[in-house]
Amino acid sequence: MSFPLFPVQASTQAMRTDHIFFWLVFISGMIVVLVFGLIFTFSFRYRNGSSAQRGELPEWVSHDFEIGWTTATFFLFLFVAWWTAASSLGALTPSKSGLQIHVVAKQWMWKTQHPNGAREINALHVPVGEPVTLLMTSQDVIHSFFAPQFRIKKDVLPGRYTDAWFQATTTGTFHLFCTQLCGTEHARMIGDIVAMTPGDYARWSAAQPQADDVASIGASLFRSLGCSGCHAENSAVHAPPLAGLYGRPVRLSDGRTVTADDAYLRDSILRPGSDIVDGYENIMPSFAGLIGDDEIFALTAYIRSLADHPKESGR
Ligand code: HEC
Ligand SMILES: [Cu+2]
């Protein structure tokens with residue numbers, strides 16, 4: 001279903017969003033018609049000098065009537081709140097499966113990287129019918145990832161991750177905009193999202209001149225940066241094993257329990273002193289300023305790949 005003056009609906013979320021939008025416009029419209037209808041009726045009926053009856057209320061305007069319509073509108077609003085919240089929460093929670101794409105925004109371009117290492121600038125190729133999770137960060141100022149035909153918009157912040165997800169429903173080329181005024185060439189910070197059939201996507205991604213699988217780039221960084229010196233099983237240093245860590249709850253020395261997601265891993269690498277794992281000393285050096293977002297993403301992909309083999313897990 002598509003409406004004039006509206007961007008086409010190219011994702012599952014687009015239909016849900018528009019559905020809610022039109023129903024809310026319709027409900028609000030009905031209320032406007034009712035209220036204005038009553039205003040005009042009453043101002044005509046009770047105009048100065050009219051012979052309409054004033055004083056006693058008619059019989060049917062009872063207490064029960066008043067309680068009835070107040071309760072009805074209350075439940076209508078509860079329903080609207082529940083309905084929009086349920087849909088928005090669904091849009092906020094990325095699915096665990098599907099494709100995970102790393103997005104780095106900078107003045108003034110979008111850089112994307114696929115799980116197999118393929119990189120793009122101001123473009124993003126995705127398969128139709130598969131959930132795509134975007135893990136996003138910025139190298140400088142605040143940007144915002146906006147794909148109107150997918151009805152997704154999410155701020156992209158320096159120094160932390162935000163995520164968004166969508167599932168494309170039709171093939172085609174769609175707009176990608178930055179919607180956060182981010183400098184002189186903000187208006188040119190645009191790109192194309194190309195939704196392809198899964199077969200075409202597989203062919204496209206196999207044909208990319210990419211260096212290597214992101215997780216294996218991470219594995220070699222893990223050695224070259226010296227992480228393995230402490231985190232390897234046979235290391236003399238008392239450091240937590242990372243196999244099986246991703247997605248698990250972690251107990252911290254201050255008693256909190258957090259989930260080892262992408263943001264946690266990033267913080268562990270950049271600010272190891274802020275979240276110290278229970279039972280360990282704060283001896284891990286900070287890698288802030290030494291490695292960039294691409295390296296952090298690769299290290300995270302490597303640690304995530306360790307979680308796929310639970311039998312290696314030391315936990
Ligand atoms: C000097 C030894 C040392 C080095 C080098 C080191 N770490 Fe650590 N790391 C630790 C210790 C000890 C902890 C536990 C205390 C803490 O949380 O700070 C830890 C914690 C972590 C955690 C959180 C683990 C958990 O179970 O929640 C991650 C993730 C991590 N390190 C990744 C890395 C990565 C990636 C590198 C390389 C870029 C690295 N570490 C380099 C010693 C080290
Ligand atoms: Cu921007």
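The values are calculated or read from the model by the stated rules, or taken from the named source; none is laboratory data. The structure presented is a predicted model; accordingly, all values stated were derived computationally and were not measured. Cβ atoms come from the backbone with ideal geometry, glycine included; neighbour counts cover every protein chain shown. Calculation scope for accessible area: heavy atoms of the full protein, side chains included, ligands and nucleic acids excluded. Shrake-Rupley method; radii C 1.70, N 1.55, O 1.52, S 1.80 Å.
Here is how the numbers come out for the structure above:
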read-out: Test for Ser62: is it among the hydroxyl-bearing types (Ser, Thr, Tyr) and open to solvent by less than 100 Å² (accessible area, probe 1.4 Å); value: yes
read-out: Tabulated pairs, the range 152-178, first open to solvent by 50 Å² or more (accessible area, probe 1.4 Å) and within 16 Å of ligand 1 (Cβ to nearest atom), second outside any strand (DSSP E or B) and of a type in the set (Ser, Thr, Tyr), C-beta under 9 angstrom, 6+ apart or interchain; value: none
read-out: From Glu130, Glu185, residue being open to solvent by 60 Å² or more (accessible area, probe 1.4 Å), within 18 Å of the chain's Cα centre (by Cα) and not aliphatic (A, V, I, L, M); value: Glu130
read-out: Cβ-Cβ under 6 Å pairs, at least 6 apart or on other chains, the range 88-107 side within 17 Å of Ala215 (Cα to Cα), far side open to solvent by less than 40 Å² (accessible area, probe 1.4 Å) and modelled with pLDDT under 85; value: His102/Phe297
read-out: Unique match (being in contact with a helix residue (DSSP H, G or I) (Cβ under 9 Å, 6 or more places away or on another chain) and within 21 Å of Val194 (Cα to Cα)) among Pro127, Pro94; value: Pro127
read-out: Condition broken by Asp200, with the remaining ones in (1) open to solvent by 40 Å² or more (accessible area, probe 1.4 Å); (2) within 6 Å of ligand 1 (Cβ to nearest atom) satisfied; value: (2)
read-out: Residue check, Ala239 in a loop (DSSP other than H, G, I, E, B) and in contact (Cβ under 8 Å) with a residue 40 or more places away in the chain; value: yes
